[in-house]
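Written below as structure tokens is the structure these notes are about.
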Amino acid sequence: MRVLVPYSGLGTNSTYGMYRWLTETDYEVVAMFLDVYYSSDEYTAFEREHFYRGVKWFKDNIRDFKTIEKKCEQVYPDSYEPVRENFTLNMETGSYKNMRKVYIDTAKEYKVDFLSSGKSGEDSNGSLSKAVSISKGSGYDYIHPSWSLTEPVTLENRDQAIKEMSAKWSQREKLPQELRNIITDCTCKGDKGICYFCLDLLLNEVRPETGQELDDVILEKLCAGKFRHLADPKTFRLDRRTKTYFMLLGYDTEQWCNDPVVEKELSDKAKDMYAKAGNI
Ligand SMILES: [Zn+2]
């Protein structure tokens, strides 16, 4: 069996997927780095460096596999759809279609048997058709390592998969330390305050829960996974992750963006985290 694994090098979900494929199966893995149209050249270079650091770790410590690089061009324009069926607010969905096109084209080119999807618990709060990847129409099954390495997600088992898939905090906890050090990085490194990535990574460092418990705490706030039903159709938005993480780190929204003491405190914690991971 041959599986195509989109792998960013910096992302928890795709790193966790790679780790599972390489340690738990003997499938031929094709790891794909994507140069995506909406990322700056600078950010793509940063991601690529991490992709090859990860590839080296996997090859040195687990087993050999194929790596490829592809460009994701903008074929479909930006488009907007309701955040969920019958919800008021919109989300951008053009980028999803553009990514899907590269996945399918590359799957054909490399004659893989199925595709690996990085979709995980935290991605499952939007529209049902985007919450998980489904093979519908593409001819390829999508397997989600956040849920199962053997069962593709279908229209029939989709609801069950969404309820059961792991999120990135428990995934991060399951990775070997060296691999976790590679993904514990961001371009700001806590230098000028903190960014979304700093907040996300700090949750594992600062919160008292185990990864599994942390998944539940965060998914509930994001109205994702088994907590999808908590979303209010009139007010629910997908772009609340940064603020949610900020609050889960113990701060008040009033302190968001205007409290220099909090900014310094978080920035110090982030710098400490990146230094420990060997990325400063
Ligand atoms: Zn940062």
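Things to note:
- Under the condition of being in a loop (DSSP other than H, G, I, E, B), farther than 13 Å from K130 by Cα and without any contact (Cβ under 8 Å) to a residue 40 or more places away in the chain, the residues counted in region 83-103 number 0.
- The numbered conditions (1) away from the ligand (no atom under 16 Å from the Cβ); (2) closer than 26 Å to Y52 by Cα; (3) exposed (fewer than 14 other Cβ atoms within 10 Å of the Cβ); (4) not aromatic (F, W, Y) are all true for E173 except (3).
- Some residue of region 35-54 being under 13 Å from P6 (Cβ atoms), touching a residue at least 24 places away in the same chain (Cβ under 8 Å) and outside any helix (DSSP H, G or I): yes
- Of all residues making up region 217-226, the number that are assigned to a helix (DSSP H, G or I) and in contact (Cβ under 8 Å) with a residue 40 or more places away in the chain: 5
Condition check ((1) outside any helix (DSSP H, G or I); (2) under 29 Å from R84 (Cα atoms); (3) touching a Lys or Arg at 6+ places or on another chain (Cβ under 6 Å); (4) not aromatic (F, W, Y)) across all residues:
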position	(1), (2), (3), (4)
D215	no, yes, no, yes
R228	no, yes, no, yes
D232	yes, yes, no, yes
F236	yes, yes, no, no
T244	no, yes, yes, yes
E263	no, no, no, yes
D272	no, no, no, yes
A275	no, no, no, yes
N279	yes, no, no, yes
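The rows are residues; the columns are (1) more than 16 Å from the ligand (Cβ to nearest atom); (2) touching an Asp or Glu at 6+ places or on another chain (Cβ under 9 Å).
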site: I162; (1), (2): yes, no
site: G190; (1), (2): no, yes
site: L199; (1), (2): no, no
site: D215; (1), (2): yes, yes
site: R240; (1), (2): yes, no
site: W256; (1), (2): no, no
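- Which numbered condition S146 fails, given (1) of a type in the set (S, T, N, Q); (2) away from the ligand (no atom under 16 Å from the Cβ); (3) surrounded by 17 or more Cβ atoms within 10 Å (Cβ to Cβ); (4) in a helix (DSSP H, G or I): (4)
- Positions within region 65-124 being acidic (D, E), surrounded by 13 or more Cβ atoms within 10 Å (Cβ to Cβ) and touching a strand residue (DSSP E or B) at 6+ places or on another chain (Cβ under 6 Å), in sequence order: D113
- Members of region 176-187 found to be near the ligand (Cβ under 7 Å from one of its atoms) and surrounded by 17 or more Cβ atoms within 10 Å (Cβ to Cβ), listed by number: C186
- Listed conditions (1) hydrophobic (A, V, I, L, M, F, W, C); (2) more than 16 Å from the ligand (Cβ to nearest atom); (3) crowded, with 16+ Cβ neighbours inside 10 Å are all met by L155, apart from (3).
All of the numbers you see were taken from the coordinates with simple rules; none came from a lab. A quick note: this is a predicted structure, and the numbers were derived from the prediction, not measured. When we count neighbours, we look across all protein chains shown, and the Cβ atoms used for this are built from the backbone with ideal geometry, even at glycine.
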